[in-house]
Amino acid sequence: MSTQGSDALAAEQHGLDHWRTLPATQQPTWPDPDVLNHVLEELSATPPLVFAGEADDLKARMAAAAAGEAFVLQGGDCAESFADATADRIRAKIMTILQMAVVLTYGASLPIVKMGRMAGQYAKPRSSDTEVRDGIELPSFRGEAVNAHAFTPESRIPDPWRLLKAYHASASTLNLIRAFTSGGFADLRRVHEWNKGFMTNPAYKRYEKLAQEIDGAIRFMAAAGVDFEALKTVDFYSSHEALLLDYERALTRIDSRTGQPYNCSAHFVWIGERTRQIDGAHVDLLSRVRNPIGVKLGPTTTPDDALRLAERLNPEGEPGRLTFITRMGASAIREVLPPILHKVHEEAGPVTWICDPMHGNTITSSSGYKTRRFTDILEEVRGFFDAHAEAATNPGGLHVELTGDDVTECLGGSEEIDDLGLCRRYETLVDPRLNHQQSLEMAFAVAEMLHP
Ligand code: PEP
Ligand code: MN
């Protein structure tokens, strides 16, 4: 039997198309099904972006984070854009995540699992199907894998060819990620030098003590003869929200080694807050792949909701398989999270818990921008650690919307971006991101929480 024929049989045995019979929210209305089918056929024949063995390695690391033996840092844009998939912007984002990781390694005294919201984060769920501006109503922007951001009728028409473009942009981004993180770029000494650069800004004086401690630790390592050459390469994983089911299905492949299905569009994929219906199509498709997967949990989640998701998505209790990414909001987390932690801990298999302190803290500034306060973001992280301390569970990591550039999208931080400052460089396509400085400051602030 041909490989394709046997793959089709395996796909059927694994029920990889069962989701098609279930309600799927947040899917675009493509104007021409023939074009869509043509594109999906092409996508199904493309090489995988990641390999099953890599996803398994990440799963083992996520299991370590669940057990309190590692800490995850997942970061990147709310929505990637094709225009920003340039070497400079990708490098800046990787550099920011690596810099944060060094600070967090010291704070947590744990290995940091590094994961980008990168190389595939091209689709967005929206609260409304349409957007109205000055009395004109157009389809909402759903991410560059679907339509374009410009507010014109032509750009907002969903175009299936964009799915293929998203695949190729993801491939070239991942290619750069792999190059940067296996060359000298990730050298610990080099990343540490960048962090020293951050400290020359007087705004960050309050983190000086911690910065000096990290400096001392690295000098101690050098004196003790640590092999820095061996620390030149880091593992860096890709992730995105598995939103567009046609795309995710086309990139789902049968691993020739094990015969098991893997979503080969990224190492880790997650289900968003708006698409986590227990009987819905998203939960069904991801229940059938072997990758480590995540589910966002918002402030209306009940302990029973979380338990049912855990039973559905990780019935065998496989360590590292399931991550809950909580995004409750700074004012709700202390109340909502502990009963969920208790229930899941007592009645489900192991779960990795990650804090997304961004999505529950979105506000509109008086100047009219969708933004977030740096203080609220830190407060949610604090509430996350407190909730885990109360429930005696392990806080496993952070999920952050960030960029390596000097944008002005979130309020505050030591550089004090205010309402009026937001307009200086507000560039995000959807949600506000921490800029480079705010991201590093967050790492220092969280390191202090972990290492008081
Ligand atoms: C996101 O991560 O950009 C997002 C839409 O999150 P959530 O599903 O938590 O709202
Ligand atoms: Mn977002």
Inset, instruction - Quickly run through the stretch 62-88 and pick out the residues that are away from ligand 1 (no atom under 16 Å from the Cβ) and touching a Gly at 6+ places or on another chain (Cβ under 7 Å). - result: M62, A63, A65, A66, F71
Inset, instruction - Would you please name the residue that is farthest from L411 (Cα to Cα), looking only at residues in the stretch 339-364 that are away from ligand 2 (no atom under 15 Å from the Cβ) and buried (at least 19 other Cβ atoms within 10 Å of the Cβ)? - result: A348
Inset, instruction - Give the residue that is farthest from the chain's Cα centre (by Cα), with candidates limited to residues of the stretch 96-139 that are within 14 Å of ligand 2 (Cβ to nearest atom) and of a type in the set (G, A, S). - result: S127
Legend entry - Residue list for the stretch 294-327, restricted to those being more than 16 Å from ligand 2 (Cβ to nearest atom) and part of a loop (DSSP other than H, G, I, E, B): T300, T301, T302, N314, P315, E316, G317, E318, P319, G320, R321
Inset, instruction - Have a look at H399, H451 and point out the one that is in contact with a Cys (Cβ under 9 Å, 6 or more places away or on another chain), closer than 30 Å to L341 by Cβ and touching a residue at least 24 places away in the same chain (Cβ under 8 Å). - result: H399
Inset, instruction - Taking R142 as the residue in question, decide whether it is of a type outside the set (G, A, S) and open to solvent by less than 10 Å² (accessible area, probe 1.4 Å). - result: no
Legend entry - Residue ID - least open to solvent (accessible area, probe 1.4 Å), chosen from residues in the stretch 43-54 that are farther than 15 Å from S170 by Cβ and touching a residue at least 12 places away in the same chain (Cβ under 8 Å): A52
Inset, instruction - Can you work out which of the residues in the stretch 365-384 that are open to solvent by 30 Å² or more (accessible area, probe 1.4 Å) and touching a helix residue (DSSP H, G or I) at 6+ places or on another chain (Cβ under 7 Å) is farthest from ligand 1 (Cβ to nearest atom)? - result: S367
Legend entry - E318, sole failed condition from (1) within 14 Å of ligand 1 (Cβ to nearest atom); (2) open to solvent by 10 Å² or more (accessible area, probe 1.4 Å): (1)
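Counting residues that are hydroxyl-bearing (S, T, Y) and over 30 Å from L245 (Cα atoms), which helices (runs of 4 or more DSSP H) fully inside the stretch 105-220 reach at least 1?
The helices (runs of 4 or more DSSP H) meeting that bar are 161-182.
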Legend entry - Single match in A85, A64 (criterion: more than 26 Å from D255 (Cα to Cα) and open to solvent by 20 Å² or more (accessible area, probe 1.4 Å)): A85
Inset, instruction - Return the total of residues in the stretch 214-245 being within 20 Å of K59 (Cβ to Cβ) and crowded, with 19+ Cβ neighbours inside 10 Å. - result: 8
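Open to solvent by 40 Å² or more (accessible area, probe 1.4 Å) and either more than 27 Å from A145 (Cα to Cα) or of a type in the set (G, A, S) (or both), is that true of R334?
Here the answer is yes, as R334 does meet what is asked.
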Legend entry - Single match in D419, D405 (criterion: open to solvent by 10 Å² or more (accessible area, probe 1.4 Å) and either touching a helix residue (DSSP H, G or I) at 6+ places or on another chain (Cβ under 7 Å) or under 24 Å from A85 (Cα atoms) (or both)): D405
Inset, instruction - Considering only the stretch 269-282, state which residues are more than 13 Å from ligand 1 (Cβ to nearest atom) and closer than 23 Å to S170 by Cβ. - result: A281
Legend entry - Filtered residue count, the stretch 145-176, keeping only those that are under 19 Å from V132 (Cα atoms), touching a residue at least 60 places away in the same chain (Cβ under 8 Å) and open to solvent by 10 Å² or more (accessible area, probe 1.4 Å): 3
Legend entry - From P261, P292, P299, residue being open to solvent by 10 Å² or more (accessible area, probe 1.4 Å) and either in contact (Cβ under 8 Å) with a residue 40 or more places away in the chain or away from ligand 1 (no atom under 14 Å from the Cβ) (or both): P299
Inset, instruction - Inspect the stretch 147-169 for any residue being within 16 Å of ligand 2 (Cβ to nearest atom) and of a type outside the set (A, V, I, L, M) and give the result as yes or no. - result: yes
Legend entry - Extreme residue, modelled with the highest pLDDT, among residues of the stretch 117-139 that are open to solvent by 20 Å² or more (accessible area, probe 1.4 Å) and closer than 23 Å to L434 by Cα: R126
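One line per residue, one yes/no per condition, for (1) surrounded by fewer than 13 Cβ atoms within 10 Å (Cβ to Cβ); (2) more than 16 Å from ligand 2 (Cβ to nearest atom):
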{"position": "R178", "(1), (2)": "no, yes"}
{"position": "F185", "(1), (2)": "no, yes"}
{"position": "F198", "(1), (2)": "no, yes"}
{"position": "K205", "(1), (2)": "yes, yes"}
{"position": "Q212", "(1), (2)": "yes, yes"}
{"position": "Y247", "(1), (2)": "no, yes"}
{"position": "I254", "(1), (2)": "no, yes"}
{"position": "I271", "(1), (2)": "no, no"}
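The values are calculated or read from the model by the stated rules, or taken from the named source; none is laboratory data. What you are looking at is a predicted structure, and each value in this text was computed from that prediction instead of being measured. Using ideal geometry, Cβ is built from the backbone for each residue, glycine included, and neighbour counts are taken over all protein chains shown. To get the accessible areas, we keep the full protein, side chains included, count just its heavy atoms, and leave off ligands, DNA and RNA. Shrake-Rupley method; radii C 1.70, N 1.55, O 1.52, S 1.80 Å.
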